[in-house]
Amino acid sequence: MKTMLITGAAHGLGAAIARAADSDGYRVGVLDLVAEECEALAGSLSAGVPLCADVRDPHSVEAALDALGDAPDVLVNNAGILRTGPLIDHAVEDFALVMQVNLNGVFVVAQSAARRMRDAGGGVIINMSSINGIHPSPNCGAYVAAKAGVIGLTQQMSIEWGEYGIRANAVAPGFIDAGMSAPFYENESVRNNRGNAVPLGRLGVAEDVAQCVLFLASDAAAYVSGQTIAVDGGVINSVLRQLPRE
Ligand SMILES: NC(=O)c1ccc[n+]([C@@H]2O[C@H](COP(=O)([O-])OP(=O)(O)OC[C@H]3O[C@@H](n4cnc5c(N)ncnc54)[C@H](O)[C@@H]3O)[C@@H](O)[C@H]2O)c1
């Protein structure tokens, strides 16, 4: 039985990935901040392991990986936060917090897991970026910078850790009606405007992201490394669709 360790797994996209991995036969390490929430989700899976840790804290991450036992076959660096506001007024503390969770946290967990994967002969790392890591968005300055950093860090992992048998890729979700974006999409006009802006004509759901993660984790992606796959219904390529020639 393969093991998938998922950070930020207690809610939103992480929980959807955990359920999909469970259905796919993985033993799932459920890493998140609140022990009771990790236990609740892990307990609902066939082989879930609750792991309470903060991705910013290398000691708690090491302890979580020790508790998991053998090296994870797959690590999904999914934990993330969003702080919005105009860059001109962005509090320095908020900027640092977003970078610590969304970028430093990816490095901390990946390094700890990669050392174990190297000793075990290989593994797969999937880092959660965002279409905001590819294109900036108003009022999301720190988030954009961190998610762009995740893409660069993923490429770096792929060239440095390939020799250890480790593949590293990033996933860049678009307009997903789940997790941190769910409250935003409760507004019907926002839902309609954004859904209509997507070439595939709808908002994404958490399962769309989870299935891409399972593909990248699988041997079907055995020769894919250093890539960022947008799960966005085509929206990042649609700027000129908004500004037709005629
Ligand atoms: N939902 C979207 O529309 C969307 C779009 C693009 C990218 N993403 C990315 O997907 C990932 C999951 O987001 P979501 O929408 O499910 O959000 P969410 O808020 O529902 O879930 C994030 C999870 O991360 C956990 N977390 C936060 N800080 C942590 C820390 N320091 N240590 C450990 N866990 C921590 C939270 O407790 C939570 O369970 C994030 O990286 C986010 O940036 C989401």
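The values are calculated or read from the model by the stated rules, or taken from the named source; none is laboratory data. The shown structure was predicted, so the numbers you read here are calculated from the model rather than taken from an experiment. Neighbour counts are summed over all protein chains in view; Cβ atoms, including those assigned to glycine, are modelled from backbone coordinates with ideal geometry. The accessibility values were calculated without ligands, DNA or RNA, using every heavy atom of the protein model including side chains. Shrake-Rupley method; radii C 1.70, N 1.55, O 1.52, S 1.80 Å.
What do you reckon, is HIS59 out of contact with any Leu (no Cβ under 6 Å at 6 or more places or on another chain), open to solvent by 60 Å² or more (accessible area, probe 1.4 Å) and under 18 Å from GLU207 (Cβ atoms)? I'd like the intermediate steps shown before the answer.
On the way: out of contact with any Leu (no Cβ under 6 Å at 6 or more places or on another chain): yes; open to solvent by 60 Å² or more (accessible area, probe 1.4 Å): yes; under 18 Å from GLU207 (Cβ atoms): no.
So HIS59 fails the test.
Any residue in the stretch 101-118 that is modelled with pLDDT of 95 or more, open to solvent by 20 Å² or more (accessible area, probe 1.4 Å) and of a type in the set (Gly, Ala, Ser)?
no
May I ask you to list pairs of residues, at least six apart or on different chains, whose Cβ atoms are under 9 Å apart, with the first in the stretch 67-91 being under 14 Å from MET117 (Cβ atoms) and the second being hydrophobic (A, V, I, L, M, F, W, C) and in a loop (DSSP other than H, G, I, E, B)?
VAL76/ALA9; ASN77/VAL55
Go over the candidates VAL171, VAL198, VAL190 one by one and state the one that is farther than 24 Å from ALA20 by Cβ and within 16 Å of the ligand (Cβ to nearest atom). Give the steps one after another, and end with the answer.
Details: VAL171 fails: farther than 24 Å from ALA20 by Cβ; VAL198 fails: farther than 24 Å from ALA20 by Cβ.
It is VAL190.
Just checking, which of ALA113, ALA96 is outside any loop (DSSP other than H, G, I, E, B) and within 22 Å of PRO173 (Cβ to Cβ)?
Unique residue meeting the criteria: ALA113.
Filter the stretch 8-32 for residues that are small (Gly, Ala, Ser) and more than 19 Å from ALA178 (Cα to Cα); which is surrounded by the most Cβ atoms within 10 Å (Cβ to Cβ)?
If we take residues in the stretch 8-32 being small (Gly, Ala, Ser) and more than 19 Å from ALA178 (Cα to Cα), then GLY29 is surrounded by the most Cβ atoms within 10 Å (Cβ to Cβ).
Within the stretch 106-135, track down each residue that is among the β-branched types (Val, Ile, Thr) and either in contact (Cβ under 8 Å) with a residue 60 or more places away in the chain or near the ligand (Cβ under 10 Å from one of its atoms) (or both).
As a first pass, look at the stretch 106-135 and keep what is among the β-branched types (Val, Ile, Thr): 106, 108-109, 124-126, 131, 134.
Hits for the stretch 106-135 are VAL106, VAL108, VAL109, VAL124, ILE126, ILE131, ILE134.
Checking ALA47 against (1) within 15 Å of the ligand (Cβ to nearest atom); (2) surrounded by fewer than 19 Cβ atoms within 10 Å (Cβ to Cβ), which test does it fail?
(1)
Just one of VAL205, VAL150 is in contact with a Ser or Thr (Cβ under 7 Å, 6 or more places away or on another chain) and either within 13 Å of the ligand (Cβ to nearest atom) or without any contact (Cβ under 8 Å) to a residue 12 or more places away in the chain (or both); which is it?
Values: VAL205 fails: in contact with a Ser or Thr (Cβ under 7 Å, 6 or more places away or on another chain).
Sole residue among the options that is in contact with a Ser or Thr (Cβ under 7 Å, 6 or more places away or on another chain) and either within 13 Å of the ligand (Cβ to nearest atom) or without any contact (Cβ under 8 Å) to a residue 12 or more places away in the chain (or both): VAL150.
Somewhere in the stretch 6-14, is a residue away from the ligand (no atom under 13 Å from the Cβ) and at negative phi? Walk me through it before giving the result.
From the stretch 6-14, those away from the ligand (no atom under 13 Å from the Cβ) are none; that's our starting set.
Looking through the stretch 6-14, none of the residues is away from the ligand (no atom under 13 Å from the Cβ) and at negative phi.
Answer yes if at least one residue in the stretch 136-144 is over 30 Å from ALA96 (Cβ atoms) and more than 9 Å from the ligand (Cβ to nearest atom), and no otherwise. Show your work before the answer.
Taking the stretch 136-144 first, the residues over 30 Å from ALA96 (Cβ atoms) are none.
For the stretch 136-144, residues over 30 Å from ALA96 (Cβ atoms) and more than 9 Å from the ligand (Cβ to nearest atom): absent.
With respect to GLY123, is the statement that it is closer than 24 Å to CYS212 by Cβ, in contact with a Pro (Cβ under 9 Å, 6 or more places away or on another chain) and crowded, with 18+ Cβ neighbours inside 10 Å true? Spell out the reasoning first.
Values: closer than 24 Å to CYS212 by Cβ: yes; in contact with a Pro (Cβ under 9 Å, 6 or more places away or on another chain): yes; crowded, with 18+ Cβ neighbours inside 10 Å: yes.
Considered against the rule, which asks whether it is closer than 24 Å to CYS212 by Cβ, in contact with a Pro (Cβ under 9 Å, 6 or more places away or on another chain) and crowded, with 18+ Cβ neighbours inside 10 Å, GLY123 comes out as yes.
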